[in-house]
1. Within the set of pairs 6 or more residues apart or between chains, which connect a residue that is under 18 Å from residue 177 (Cβ atoms) and of a type in the set (Gly, Ala, Ser) inside region 104-123 to a residue that is modelled with pLDDT of 95 or more and in a helix (DSSP H, G or I) with Cβ atoms less than 8 Å apart?
2. Against the condition touching a residue at least 60 places away in the same chain (Cβ under 8 Å), of a type outside the set (A, V, I, L, M) and under 19 Å from residue 164 (Cα atoms), how does residue 220 come out, does it pass?
3. Name the residue that is farthest from residue 1 (Cα to Cα), counting only residues in region 163-190 that are free of Cβ contacts under 8 Å to residues at least 24 places away in the same chain and small (Gly, Ala, Ser).
4. Of 3, 41, which residue is among the charged types (D, E, K, R) and farther than 17 Å from residue 202 by Cα?
5. Identify, from the list 196, 190, the residue that is under 19 Å from the mean Cα position of the chain (by Cα), of a type in the set (S, T, N, Q) and closer than 20 Å to residue 145 by Cα.
6. Of the residues 244, 232, which is touching a Phe, Trp or Tyr at 6+ places or on another chain (Cβ under 8 Å) and either modelled with pLDDT under 95 or not hydroxyl-bearing (Ser, Thr, Tyr) (or both)?
7. For region 18-50, give me each residue that is farther than 23 Å from residue 277 by Cα and either in contact with a helix residue (DSSP H, G or I) (Cβ under 8 Å, 6 or more places away or on another chain) or assigned to a loop (DSSP other than H, G, I, E, B) (or both).
Amino acid sequence: MYRCLSPGAIGVKADLEEGLRLAKLGGFGGLEVGIGDIARRIDEQGQSAVLDLFREAEILPGAWGLPVDWRTPDESKFEADLEKLPRLAAAGAAIGCTRTATWFMSFSDERNYEENTEWHVRRFSPIARILADHGCSLGLEFLGPKTIYDGHHYEFVHDMNAALDLAGRIGPNVGLLLDCWHWYHAENTTGDIRKTSPDKIVYVHVNDAPAGRPKEEMKDSPRCLPGETGVIDITAFLQALQEIGYDGPVTPEPFSETLKNTDSQEEKVRITGASMKKIWRQAGLS
């Protein structure tokens, strides 16, 4: 496992060069990338030039957000995005960045559970096949907080095991984007992690939960920096991932008030990087 920076997740705007510099500054080993930018750079400058940027910074390309609007009801828009995906997946593969991910809602007001399952399988299956053609994996992020799906007509997948079942119906290269926030809210356990094959954990997010608030009343944000409150047992979470042999990026996504109130981009990265180093030490990770 290695610590990975997603600039956007902590409110930082950065192009690739600046992102690499900031990742180094914060003690991160990886950087989440914009795959459209990577593909453009490869087209214009060549694969070697892009790889050299990462080598010189001593930073790994961690993952990229799924560049397909799979939620749209417009089939023509969905098909148009699918047509663009092979070039983007090939760009990811060219720099050794073969992990992409997206989240999905834990409810529907139109489709019951089985109908919604079938709809998600239909939408994600062609995406997964294209990604597989280029050696890429897709991570699906379930949303755990009860406040998200309460009050809607139909609940949908909102825990780790059901999400793994959904991924299994889509394709062999599909697994989870496992966020400790949603893992905590779903009341999943380290045992759930330990019984999961490491290839089914595609990407990992970390953060913490506010202290002194009942879990059932927490909304999806604000959250806290990893290890800030200790409400989420991040040490056990990371150790379980280490035990199963997960070797991918671990990225903070804190939606933190502390970071929102910090103006300096460099200071946001330093604060976040320090929190990641802290939880790494607590978990006994190298």
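The values are calculated or read from the model by the stated rules, or taken from the named source; none is laboratory data. Everything numeric in this text was worked out from a predicted model, so none of it was measured. Glycine also receives a Cβ, built like all others from the backbone with ideal geometry; neighbour counts cover every protein chain displayed.
1. 106/148; 106/149
2. Numbers: touching a residue at least 60 places away in the same chain (Cβ under 8 Å): yes; of a type outside the set (A, V, I, L, M): yes; under 19 Å from residue 164 (Cα atoms): no.
For residue 220, the condition - touching a residue at least 60 places away in the same chain (Cβ under 8 Å), of a type outside the set (A, V, I, L, M) and under 19 Å from residue 164 (Cα atoms) - is not met.
3. 168
4. Details: 3 fails: farther than 17 Å from residue 202 by Cα.
Just one listed residue meets the conditions, 41.
5. On the way: 196 fails: closer than 20 Å to residue 145 by Cα.
190 is the lone residue from the list that is under 19 Å from the mean Cα position of the chain (by Cα), of a type in the set (S, T, N, Q) and closer than 20 Å to residue 145 by Cα.
6. Sole residue among the options that is touching a Phe, Trp or Tyr at 6+ places or on another chain (Cβ under 8 Å) and either modelled with pLDDT under 95 or not hydroxyl-bearing (Ser, Thr, Tyr) (or both): 232.
7. First pass over region 18-50, keeping only residues farther than 23 Å from residue 277 by Cα: 34-50.
Across region 18-50, the qualifying residues are 34, 35, 36, 37, 38, 39, 41, 42, 46, 47, 49, 50.
This table checks each residue for (1) under 22 Å from residue 8 (Cα atoms); (2) crowded, with 20+ Cβ neighbours inside 10 Å.
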residue: 44; (1), (2): no, no
residue: 62; (1), (2): yes, yes
residue: 65; (1), (2): yes, no
residue: 68; (1), (2): yes, yes
residue: 78; (1), (2): no, no
residue: 86; (1), (2): no, no
residue: 93; (1), (2): no, no
residue: 106; (1), (2): no, yes
residue: 112; (1), (2): no, no
